[in-house]
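Quick notes on the structure that follows.
Each reported figure results from applying straightforward, stated rules to the coordinates on display, with no laboratory input. As the structure is a computational prediction, the values presented were derived from the model and not from experiment. Here the Cβ is made from the backbone with ideal geometry for all residues, glycine too, and neighbour counts use every protein chain on show.
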């Protein structure tokens, strides 16, 4: 039996695809490189924006032709889009055999067997009890980095966001299970782990919070680096920032979605913090970690956003000077509170505002990257460059790309690099010294 998985969306979807791939291998499946060679084809979907769903529907149209050529092929959709649409998916794509929501992964094989027995489409979008089995992903050959999901779901009610409907209420993974999974990953050659959650800094296992989790994972022998994402400013606590500053293996890099620099717009979004509070967190982080790298999410054109509100967002970007940002124009998502608002910012204005902040962020990113020229940075080597086998690529502590001459055997090692030039988020230089060999 052969399977094929195609993944759309966030790091959590990538992680869940890797875990599902491992479970399918345990059930006797092998994996094909092309969907036309597989008996089971799965699309792990994203629902964060309408464009993401349109891509999936377009792809299913292509796969439908393969299924017509091979009626024995089982075609399934998993993930957030499956969770949001449920049975509606079959109305849009009646040729699909499985619709397994993001909350139903633990019951995937029960649904698969039910479909095989009946020959009819199976839909499961109920939220199963999470973390019933340990997440042991199937890594790509030679992988040195992976993700571990430590909390699923979202208890917030941001008025523009579909995630609470697609991921359900918050559920935290037991700390002991996280440590066991991290140790298992390191035994398989992983050197960097990113802890995941929709609101990762709302992690709670009894008396243990994210700060405790960061410290414990950082102490796993053989692990070089720990990161986490995505945080909500309303849940950010000082102990997390202190843990980042004190634990050498926890990287000085923070993704903290701002969404808007206008407190009035933040209130309309139901973000539960003000711009002033956001800036307090930034200042505290930089007080503890002067080299803290910051990235963010920004939405322009939210209903009711005035020119003055937008200018406050521009000013906020200039004040914070993010290292990078994911920037979007507002589009209503069916089922959210904001879908009922009057979408009163004209499309042309939305596009102009988006273009302005993209240009601003490019300039800031360029300026911040130039700051590294002439300095030494620590790089975790990912492996050889795809463009030049005599060069190796990796990531700095601040999550910038790094490119230098080197030996592919350095994969998984920490190397210091003298930065000679910078373009965008990529630093180019020459190796200075290896800090420590990869643990075995």
Most fluctuating of 198, 72, 418 in the GNM of the chain (C-alpha, under 10 Å) is 72
Antiparallel %, DSSP beta bridges [both residues in the chain], to 5: 40
Which labelled figure in [x] 21.2; [y] 24.1; [z] 22.8 is mean projected area of the Cα convex hull in nm², once derived from the coordinates: [x]
For region 212-364 (alpha-carbon point model, no solvent) the Debye-based log₁₀ I(q)/I(0) at q = 0.11, 0.17, 0.18 Å⁻¹ works out to -0.48, -0.97, -1.05
1/(1 + (r/R0)^6) with r = Cβ-Cβ of residue 391 and residue 49, R0 = 41 Å, i.e. FRET efficiency to nearest 0.05, evaluates to 0.70
CD proxy at 222 nm, helix term only [per DSSP H run n ≥ 4: -39500 (n - 2.57); per residue of the chain; nearest 500]: -10500 deg cm²/dmol
Computed Rg/Rh for region 2-124 (Cα atoms; Rh = Kirkwood radius) stands at 0.92
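In what sequence, highest mean first, do 377-384, 307-314 appear when ranked by Cβ atoms within 10 angstrom?
In descending order of packing, they fall as 377-384, 307-314.
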For the ranges 280-289, 239-248, 113-122, what's the packing order if you count other beta-carbon atoms within 10 Å of each residue, average per peptide, and put the highest first? 239-248, 280-289, 113-122
Over region 376-436, equivalent-ellipsoid semi-axes from the Cα gyration tensor in Å: 15, 13, 10
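Run the numbers for residue 375 and residue 248: contour at 0.36 nm per residue of separation, minus the present Cα-Cα distance, in nm.
Between residue 375 and residue 248, full extension yields an extra 43.8 nm.
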What ranking do 221, 152, 362, 215 get, fewest neighbouring Cβ atoms within 10 angstrom at the top? 221, 362, 215, 152
